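Values quoted throughout were computed directly from the atomic coordinates according to the rules given, and no laboratory measurement underlies them. None of the values given here were measured: they were computed from a predicted structure. Don't worry about glycine lacking a Cβ; one is built from the backbone with ideal geometry, like all the others, and counts go over all protein chains shown.
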Amino acid sequence: MKRLSMPIVSVLVALAAGCGVGPHVDDYNESLVAAAVAGCPCGHVGYSSEEECRAEAPPTAGEQACIEALFKNAEANYESQLDCRTAVNNRLASCLNSKSCTDLARLGCGLDAAEDLEDCPDLPGDIEQELLECRT
């Protein structure tokens, strides 16, 4: 019997657990993708082309399923933390998309996002660690 890869298993587990976990997690995942893809036109480091970067930029489907499962199984409500992080990611994507690849101001987009993220409500340490593990 052929073994399934981890991303496929993560997707199947998430699907078996239920249909989505609400707009907050979906929006967060979408914002992660938007922020990652916004960097593709200007230096798709690790990818052979912008198209490959857009197709494979993290978070992958498996990583997104992991994030969905994490928050579905969490005992507390983390909507405010997710909403804040979503807004930061969306501002980052918007900032990157508004600059040309030669515009040094693109660096400021990342710095601003890092500062904005510090203003978001913290997740508990164990949830933050699991979130990091989903993204690696």
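Taking the number of Cβ atoms within 10 Å of each Cβ as an exposure proxy, the fewest-first ranking of Thr136, Thr86 is Thr136, Thr86. Between Ser98 and Ala61, the distance separating the two model label sites (each 7 Å from Cα on the Cα→Cβ line) works out to 3.4 nm. Relative contact order of the range 22-134, taken over Cα pairs closer than 8 Å and 6 or more residues apart, is 34 percent.
Restricting the calculation to Cα atoms, every distinct pair contributes to the Kirkwood radius of the range 39-87, found to be 12.8 Å.
Grab the other residues whose beta carbon is less than 12 angstrom from that of Gly110, score K and R as +1, D and E as -1, and report the net. That works out to 0. Could you compute the net charge surrounding Ala36? Neighbours are other residues with a C-beta less than 10 Å from the C-beta of Ala36; K and R count +1, D and E count -1. Around Ala36, the surrounding residues sum to 0. Just need log10 I(q)/I(0) for the range 22-134 at q = 0.11, 0.20, 0.21 Å⁻¹, Debye formula, equal scatterers on the alpha-carbon atoms, no solvent, rounded to two decimals. Those come out to -0.37, -1.12, -1.19, one per q.
As a ratio to 2.2 N^0.38 Å, the alpha-carbon radius of gyration for the range 67-126 is 1.37.
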